[in-house]
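Take a look at the structure below.
The values are calculated or read from the model by the stated rules, or taken from the named source; none is laboratory data. Keep in mind it's a predicted model, so treat the numbers as computed, not measured. Cβ placement follows ideal geometry from the backbone for every residue including glycine, while neighbour counts extend to all protein chains displayed. Accessible surface areas use protein heavy atoms only, side chains included; no ligands, DNA or RNA. Shrake-Rupley method; radii C 1.70, N 1.55, O 1.52, S 1.80 Å.
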Amino acid sequence: MPFSLAIIGAGPAGLTLARLLQVSDLEITVMVFEHDASPTARPSQGGTLDLHTDTGLAALKKCGLWDEAVKRLRYDGEELTIADKNDTHILHMTGGGGPKIKSKESDGELDYERPEIDREALKDLLLGSVNPGWVQWGKTLQRIDPQTGVLSFRDGTTAGPFELVVGADGAWSKVRHVLTDVWPQYAGVAGFVGHIARPNEEYPPLSRTVGRGSYFACSDGKYLSAQRMGDESIKVGVWLKKEGSQGESWPAKIVVACGDDEEKLKDKILENFHDWTATQRQFVKVATGFRPWPLYELPVGEFWEHKRGYTLIGDASSLMTPFAGEGVNKAMRDSLELAARLEDALKANGDVDEAVREYEEIMFPRAKRWQTATMRNKDGMFSNEGPVTFLVGMVDDIAEEMGKDLSKGISSWIPFKTGVWCYVVSRQWIGAWRRRLSGMIWKEE
Ligand SMILES: Cc1cc2nc3c(=O)[nH]c(=O)nc-3n(C[C@H](O)[C@H](O)[C@H](O)COP(=O)(O)OP(=O)(O)OC[C@H]3O[C@@H](n4cnc5c(N)ncnc54)[C@H](O)[C@@H]3O)c2cc1C
């Protein structure tokens, strides 16, 4: 009998795993159970994702999808601007190749690259490559019987038992219940995401500010993001540090208070950005379709006791906020690691349970490293010092990835991090004065 495996969820993690098992040519029965009613049931799958060399991109290569992937990857989307509330551009990196930095994990052979891909394009690419007979739509897992291992779905049907059930069912995973009682917690950051459909034609200054990639601005516990999508539109996100249950329910409450009046909703959002520049506020004024979005995360370093027959990949195993851009990369790397171990074990008639245990032992410390970096970015971006702490943290992350020791310094007497700190603070100070002086000459709005 072929080995039977169920994957719950057809997101990036589940589909990558399914594709990798398909190309491995194993004698295996794979069934992917997905909550969405059909491949097109959720047309807007969210924003743009940056894929990294050793994770998302490596997984696409192993999936045999590289030639198709490069048609969708946007290397010019690597362009990045980081600013503060005075629109002082503290960091600007060009796209289309960007700065090439050797990556520690790739034996120094591969470049450090982070092309963007729309979430929908990634899903289409993966889905189009998976045997259609493997994916069952409209199957929302509700429960796994602890005794029999039978899966029960919301539509009243059941399936299984399976020799292995892989939870790739995202933040609110139902498979996680079998392994641990831990549940995602509100991350203390809530906001809204909106959309500018035709920025090039209708709002050229905003379009220029974003360039081909991403514009991120943070100050005083607030954060604005504007990201170019594959169809030239711009996704706008506004996030605020708001602690506790009041913070968690803040976006939903103002949506209810404003009813269908989106202009009123935008005014409410903008009350929080009253001292930001006219250009930055305009991103919110002209965007439409704002959706409330409180963010959630699993505790850093969370792990579960291994249990035969079950495991988790992607957000189901280690949900993070998006502030280090690692979520989808970690999800695809999990699939890569798990598929490789399953393939080795099944081809050698070996112990599949031991292979799953090995995957978990490798995945837990890696997840902890990325969760820690994400947490540091989140704390930095939403601190009162805004870009300073964020950029110093980012320099730390890149240095770690490159295997560099920053304590050595840029000279014998200035530690590198102090150099970054001084640079950012002085840029911000000059930017604030420039804005103040120009405000004396002409009005901003
Ligand atoms: C605002 C925002 C911006 C982000 N930006 C970035 C970024 O720039 N870079 C980055 O790397 N990551 C980013 N992320 C994170 C990234 O989107 C996730 O880490 C990634 O999608 C995880 O993939 P996944 O397959 O594990 O889970 P998901 O993408 O959540 O997929 C889970 C799938 O399981 C299905 N499902 C759920 N429950 C069930 C059930 N009970 N039964 C059956 N099916 C079920 C869902 O319908 C879905 O298809 C962002 C996240 C957010 C919220």
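Here are the numbers for the structure shown:
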item	result
Part-to-part distance (alpha-carbon centres) for region 242-268 and region 146-219, which is given in Å	21
Within region 291-324, GluC sites (Glu not before Pro) in DSSP loop having at most 10 other beta-carbon neighbours inside 10 Å	E305
Mean separation of Cα contacts under 8 Å, 6 or more apart, over the residue count of region 187-296: relative contact order %	40
Whether region 326-370 is rounded, prolate or oblate, judged on the alpha carbon gyration tensor where a/c under 1.5 counts as rounded	oblate
Region 282-378, accessible surface, carbon-and-sulfur percent (1.4 angstrom probe)	51
Max mean-square fluctuation residue, GNM over the chain, Cα-Cα springs under 10 Å, options G259, G213, G14	G259
Rounded if a/c under 1.5, otherwise prolate or oblate - region 187-296, Cα gyration tensor axes	prolate
The chain - percent relative contact order, Cα under 8 Å, separation 6 or more	20
Degrees separating the helix 387-402 axis from the principal Cα axis of the chain, which is the longest one	40
Within a Gaussian network of the chain (alpha carbon springs, distance under 10 Å), most fluctuating of G160, G188, G419	G419
Unsatisfied cross-links (Cα-Cα over 32 Å) in the set K222/K330; K253/K378; K174/K241; K61/K242	K61/K242
Contour minus Cα-Cα distance for E263 and S4 (0.36 nm per residue)	88.0 nm
